[in-house]
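The values are calculated or read from the model by the stated rules, or taken from the named source; none is laboratory data. Predicted, not measured: the structure shown is a model, and the values here were computed from it. Side chains are part of the model used for accessible areas, which takes the heavy atoms of the whole protein and leaves out ligands, DNA and RNA. Shrake-Rupley method; radii C 1.70, N 1.55, O 1.52, S 1.80 Å.
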Amino acid sequence: MSTATGTTGPRPFPYKLVATDLDGTLLRSDDTVSARTRDALAAATAAGAAHIVVTGRSVPWTRHILDDLGYEGLAVCGQGAQVYHAGEHRLLTSVTLDRQLAGLALSKIEAEAGPLALAASRDGLDGEVLVGAGYRVQEGPLPYVGFEDPGELWSAPLNKVYIQHPELDDDELARVARQTVGNLVDVVMAGPGVVELLPLGLSKATGLSLAARRLKLKAADTIAFGDMPNDIPMFGWAAHGVAMANAHDELKAVAHEITASNDHDGIAVVLEQLLSG
């Protein structure tokens with residue numbers, strides 16, 4: 001009896017889509033992407049997978065990072081509100097927040113919890129981020145414009161409103177806001193000091209599904225990486241969700257897998273294992 005002989009090549013990469021959050025996930029603490037992670041993503045795309053950045057940042061706060069990466073694919077920005085074509089520098093879809101509903105939501109939250117510090121992200125490729133008195137802005141290169149007249153906040157279409165409280169921490173503020181106005185707007189905690197009001201029903205999952213559809217890809221094709229509660233819907237949509245070691249406990253609780261931190265190339269660790277079979 002004869003036996004067939006031959007060599008077996010590496011196992012095909014099991015996913016057609018790699019979705020990565022930016023802050024706390026793809027980006028290290030110094031806002032760079034390591035060479036190892038760049039190489040792992042390049043190897044995954046060479047193996048046939050598409051890479052989509054899925055971030056809470058609006059397009060104006062994301063473009064420079066994508067350009068630096070040489071990234072030319074689709075990006076989901078603004079917590080799912082915007083699908084952006086990085087190679088063409090073109091906004092493909094955009095969802096705005098109903099300003100009347102947002103104003104009502106804010107008044108209800110303040111009636112429950114007291115005065116809030118506010119910021120907002122205006123719609124569009126060049127939409128400004130407006131920051132009001134008392135709002136604590138994270139240090140860094142991201143541009144913003146201060147405002148004093150509350151009417152200025154509502155003078156142009158918005159993707160989101162940011163809220164901060166002088167005493168409540170992020171988790172507690174998000175909980176109070178969700179309980180108070182969860183029937184009017186969506187409330188997400190997207191990072192330290194970042195609690196956001198979004199259009200009802202909007203999430204990273206809705207934006208990612210739109211972008212994936214354009215590539216003729218499905219949830220079953222997708223592995224997703226993230227670190228914050230705003231990534232929970234994306235993990236619910238994707239076939240496999242990977243939380244970073246530095247992730248919020250709420251995301252770790254629903255993750256299929258936990259990898260190394262963003263500062264220790266957690267994305268690369270997983271992709272390298274998958275690529276090696």
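Within the accessible area of the chain, the carbon and sulfur atoms contribute 51%, probe 1.4 Å, all protein chains present. Residues in segment 61-108 average 43 Å² of solvent-accessible surface per residue, probe 1.4 Å, ligands and nucleic acids excluded. The spacing between segment 106-122 and segment 224-264, judged by their C-alpha centroids, is 28 Å. Averaging 1/r across all pairs of distinct Cα atoms in segment 18-176 and inverting the result yields a Kirkwood radius of 17.1 Å. Enclosing the Cα atoms of segment 126-267 in their convex hull gives a volume equal to 150 cubic angstrom per residue. The order of Ser209, Ser107 by accessible area, most exposed first and with a 1.4 Å probe, is Ser107, Ser209.
Note on the chain: the alpha carbon radius of gyration divided by the globular reference 2.2 N^0.38 Å gives 1.06. Taking only alpha carbon atoms, segment 37-119 gives an Rg to Rh ratio of 1.16, where Rh is the Kirkwood radius. Solvent exposure of segment 155-248, expressed per residue, is 36 Å² of accessible area, with all protein chains present and a 1.4 angstrom probe.
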